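A quick write-up on the structure given underneath.
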Ligand SMILES: [Mg+2]
């Protein structure tokens, strides 16, 4: 039919040229609806939205599972009368080793916090277990900033002991590894009566550290300790549940 119209048009029939133009417009409109460009775009966009919704749902599910497991682990600590949790910083609480020479901002460092501690520390604090950071890093000011960024007011309940020459341990306990850091932090906890924990001792303390040498010294000193595997951070929760 188009060919016929075309031929008639060539014969200078004005009416048929007009018909031809209308037909072309109608055909173009039909093609625009039939061809799938818009449809594909819409479908693709719908698929992207649906994938995004699935991903965020999965993240929410993973977050609440981690929260539940942290809660069970803290329950175990409460059962064992642990009231003082000493946590190493580099490669344990955060997923990098600063070497004590972090040059970026504290908020950049805060991005390296491991999710397991984001849940475990508030839950432990809620159950009246005091948490301290024990580290060989001298950058305790940076670490204090990181704690403030992440844990807000709760961070004020958390003593930090690093190699910053601002403290010394005068007691008779072991000084090797993280032992004097823990002893000094425990002294601070007990001295600050408003923290509500006045009976910290070896039997009520737990060290979490990625350095096996610190773990070994801690165990030799008669204090509970869990080696933190930086390659399998959430295994910490299984290890906490296995404590006796
Ligand atoms: Mg470490």
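List of remarks:
- Some residue of region 158-166 being part of a helix (DSSP H, G or I), crowded, with 21+ Cβ neighbours inside 10 Å and in the same structural domain as residue 136 (by TED's automatic domain parsing): no
- Candidates 204, 198, 223, filtered to the one that is more than 13 Å from the ligand (Cβ to nearest atom) and out of contact with any helix residue (DSSP H, G or I) (no Cβ under 7 Å at 6 or more places or on another chain): 204
The rows are residues; the columns are (1) in contact with a strand residue (DSSP E or B) (Cβ under 7 Å, 6 or more places away or on another chain); (2) in contact (Cβ under 8 Å) with a residue 24 or more places away in the chain; (3) surrounded by fewer than 21 Cβ atoms within 10 Å (Cβ to Cβ); (4) over 27 Å from residue 106 (Cβ atoms).
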position	(1), (2), (3), (4)
173	no, yes, yes, yes
182	yes, yes, no, no
187	no, no, yes, no
195	yes, yes, yes, no
213	no, yes, yes, yes
242	no, no, yes, yes
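- Selection status of residue 178, within 16 Å of the ligand (Cβ to nearest atom) and in the same structural domain as residue 116 (by TED's automatic domain parsing): yes
- Selected residue (criterion: surrounded by the fewest Cβ atoms within 10 Å (Cβ to Cβ)) from residues of region 102-128 that are in contact (Cβ under 8 Å) with a residue 60 or more places away in the chain and assigned to a loop (DSSP other than H, G, I, E, B): 128
- Screening residue 166 with (1) in contact with a helix residue (DSSP H, G or I) (Cβ under 8 Å, 6 or more places away or on another chain); (2) more than 28 Å from residue 237 (Cβ to Cβ); (3) within 16 Å of the ligand (Cβ to nearest atom) gives one miss only, at (3).
- Among residues of region 215-231, those that are part of a loop (DSSP other than H, G, I, E, B) and surrounded by fewer than 17 Cβ atoms within 10 Å (Cβ to Cβ), counted: 4
- Of the residues 73, 110, 106, the single one that is more than 14 Å from the ligand (Cβ to nearest atom), more than 22 Å from residue 236 (Cα to Cα) and in the same structural domain as residue 176 (by TED's automatic domain parsing) is 106.
- Residue count for region 78-96, restricted to those that are surrounded by fewer than 20 Cβ atoms within 10 Å (Cβ to Cβ), in a helix (DSSP H, G or I) and either free of Cβ contacts under 8 Å to residues at least 12 places away in the same chain or under 16 Å from the mean Cα position of the chain (by Cα) (or both): 2
- Some residue of region 199-207 being within 27 Å of residue 62 (Cα to Cα) and either crowded, with 17+ Cβ neighbours inside 10 Å or touching a residue at least 12 places away in the same chain (Cβ under 8 Å) (or both): yes
- Odd one out for residue 111 among (1) more than 26 Å from residue 220 (Cβ to Cβ); (2) touching a helix residue (DSSP H, G or I) at 6+ places or on another chain (Cβ under 6 Å): (2)
- Verdict on residue 99 being within 16 Å of the ligand (Cβ to nearest atom) and not in a strand (DSSP E or B): yes
- With respect to the conditions (1) free of Cβ contacts under 8 Å to residues at least 60 places away in the same chain; (2) within 16 Å of the ligand (Cβ to nearest atom); (3) within 17 Å of the chain's Cα centre (by Cα), residue 148 lacks only one, and its number is (2).
- Any hit, region 130-139, residues being surrounded by 15 or more Cβ atoms within 10 Å (Cβ to Cβ), assigned to a helix (DSSP H, G or I), at pLDDT 95 or above and in the same structural domain as residue 75 (by TED's automatic domain parsing): no
The values are calculated or read from the model by the stated rules, or taken from the named source; none is laboratory data. The structure presented is a predicted model; accordingly, all values stated were derived computationally and were not measured. We place every Cβ from the backbone using ideal geometry, glycine too, and count neighbours over all the protein chains shown.
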